[in-house]
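Q: Here's a structure for you.
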Amino acid sequence: MRKLEGVEQGFQLRSDRERLALESWVDWRVNETSLRAEEFEIALASQLRPFTGTRFTGARLDGQILWFHAGGQRNSSDRVEHKLTLLAGGSYGLARPFGADWLDEARIGGRCLRSWDGGRDLPNESGDGWEVFAQLDPNPWRATTLRSYGSYFRGNDFHAERGDPFYTLDDYGQLGFKLIVPVALDFRFEAGVALQLGESQFNGSFLLGFAWGQAFAVNALRPR
């Protein structure tokens, strides 16, 4: 009995510094066999905060890239696929805007996305899209945040490999709320709801769980 069937392998590098947040990884999803083609991906997600400590400290620049490959040289499969996904964008946030002590931060931003797909006996396809978003982080109770956020995405045959499935739609809007309550040290309790509308189809998602640390979000390449 093969107890590790389907287990992925790889390594990851993460950093969250004052001026740069970075996450990169290599992931071998499927090992090559005599009958099966290998699958692996290489990705980099970064956020630059170039004006930290100045009057424009709330400015952030985002960049992401993911390359997915399926194929191999030592198997009987003819499968060869390549997928490339790119993202570039930015946002600006204000801490306690207009002297509102009850509001930790207000942030707005936008992103542009691009994808290319191709391979052996497959048509070469490309897609693109753009997204705008806004987020408010009020703290109605001590050390507690009630995060509200919204976004709108407009795409044209954009394909995000292993990413948020809503990015495959050509029209997609989202509105969500999340309660974040610190428990101890870096542990926190999170509960929330997100409402999505895409191509006249409605979807609702619920969140309930515990989190540790301050993870660097990779929105476009992985599910949210």
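The values are calculated or read from the model by the stated rules, or taken from the named source; none is laboratory data. Computed from a prediction, not measured in an experiment: that's the story for all the values here. Note: ideal-geometry Cβ built from the backbone for every residue, glycine included; neighbour counts use all protein chains shown.
Q: Within the range 53-93, can you find the residues that are hydroxyl-bearing (Ser, Thr, Tyr) and closer than 17 Å to Gly109 by Cα? Walk me through how you get there before you give the answer.
A: Step one: list which residues in the range 53-93 are hydroxyl-bearing (Ser, Thr, Tyr), which gives 54, 57, 76-77, 85, 91-92.
Answer for the range 53-93, where residues must be hydroxyl-bearing (Ser, Thr, Tyr) and closer than 17 Å to Gly109 by Cα: Thr57, Ser91, Tyr92.
Q: Next up: I need every pair where a residue in the range 84-103 that is without any contact (Cβ under 8 Å) to a residue 12 or more places away in the chain has its Cβ under 8 Å from the Cβ of a residue that is surrounded by 14 or more Cβ atoms within 10 Å (Cβ to Cβ), sequence separation at least 6 or different chains.
A: Final answer for the pair search is Arg96/Leu103; Arg96/Asp104; Arg96/Glu105; Pro97/Leu103; Pro97/Ala106.
Q: With the structure loaded, tell me whether Gly10 is modelled with pLDDT of 80 or more and over 23 Å from the mean Cα position of the chain (by Cα) or whether it fails that test.
A: On the way: modelled with pLDDT of 80 or more: yes; over 23 Å from the mean Cα position of the chain (by Cα): no.
No, not satisfied.
Q: Then there is this: Inside the range 30-61, can you point out the residues that are closer than 19 Å to Phe11 by Cβ, polar (S, T, N, Q) and modelled with pLDDT under 90?
A: First pass over the range 30-61, keeping only residues closer than 19 Å to Phe11 by Cβ: 30-32, 38-46.
In the following step, the residues that additionally are polar (S, T, N, Q) were identified as 31, 46.
Of everything in the range 30-61, just one residue is closer than 19 Å to Phe11 by Cβ, polar (S, T, N, Q) and modelled with pLDDT under 90, namely Asn31.
Q: For Asp78, are the conditions met, namely being out of contact with any strand residue (DSSP E or B) (no Cβ under 7 Å at 6 or more places or on another chain) and either of a type in the set (Ser, Thr, Tyr) or at pLDDT below 95 (or both)? Spell out how you get there, then give the answer.
A: Numbers: out of contact with any strand residue (DSSP E or B) (no Cβ under 7 Å at 6 or more places or on another chain): yes; either of a type in the set (Ser, Thr, Tyr) or at pLDDT below 95 (or both): yes.
Criteria met by Asp78.
Q: Of the residues Leu44, Leu61, Leu48, Leu84, which single one is of a type outside the set (Gly, Ala, Ser), closer than 18 Å to Asn124 by Cβ and touching a strand residue (DSSP E or B) at 6+ places or on another chain (Cβ under 7 Å)? Working first, answer last.
A: Values: Leu44 fails: closer than 18 Å to Asn124 by Cβ; Leu61 fails: closer than 18 Å to Asn124 by Cβ; Leu48 fails: closer than 18 Å to Asn124 by Cβ.
The unique qualifying residue is Leu84.
Q: Sticking with this structure for a sec: Taking interchain pairs and intrachain pairs at least six residues apart, which have beta carbon atoms under 6 angstrom, with the first residue in the range 29-43 and farther than 18 Å from Thr85 by Cα and the second modelled with pLDDT under 75 and not polar (S, T, N, Q)?
A: Glu32/Gly72; Ala37/Gly72; Glu38/Glu32; Glu38/Gly72
Q: Considering only residues of the range 120-129 that are in contact with a strand residue (DSSP E or B) (Cβ under 6 Å, 6 or more places away or on another chain) and surrounded by fewer than 16 Cβ atoms within 10 Å (Cβ to Cβ), which is nearest to Phe166 (Cα to Cα)? Lay out the reasoning, then the answer.
A: Taking the range 120-129 and keeping what is in contact with a strand residue (DSSP E or B) (Cβ under 6 Å, 6 or more places away or on another chain), we get 124-129.
Next, from what is left, pick out any that are surrounded by fewer than 16 Cβ atoms within 10 Å (Cβ to Cβ): 124-126, 128.
Numbers: Asn124: 22, Glu125: 19, Ser126: 17, Asp128: 14 Å.
The qualifying residue nearest to Phe166 (Cα to Cα) is Asp128.
Q: Continuing with the same structure: Looking at Gly109, is it of a type outside the set (Lys, Arg), surrounded by 18 or more Cβ atoms within 10 Å (Cβ to Cβ), over 30 Å from Gly71 (Cα atoms) and within 20 Å of the chain's Cα centre (by Cα)? Steps first, please.
A: On the way: of a type outside the set (Lys, Arg): yes; surrounded by 18 or more Cβ atoms within 10 Å (Cβ to Cβ): yes; over 30 Å from Gly71 (Cα atoms): yes; within 20 Å of the chain's Cα centre (by Cα): yes.
Yes.
Q: OK, next. Let me spell it out: the conditions are (1) touching a strand residue (DSSP E or B) at 6+ places or on another chain (Cβ under 8 Å); (2) at pLDDT below 90, and Arg111 meets all of them except one. Which number is the exception?
A: (2)
Q: Turning to a different aspect of this structure: Give me the residue from the range 44-71 that is polar (S, T, N, Q) and in contact (Cβ under 8 Å) with a residue 40 or more places away in the chain and, out of that set, surrounded by the most Cβ atoms within 10 Å (Cβ to Cβ).
A: We begin by selecting, within the range 44-71, every residue polar (S, T, N, Q); these are 46-47, 52, 54, 57, 64.
Pick out the ones that are also in contact (Cβ under 8 Å) with a residue 40 or more places away in the chain and you get 47, 64.
On the way: Gln47: 21, Gln64: 23.
The qualifying residue surrounded by the most Cβ atoms within 10 Å (Cβ to Cβ) is Gln64.
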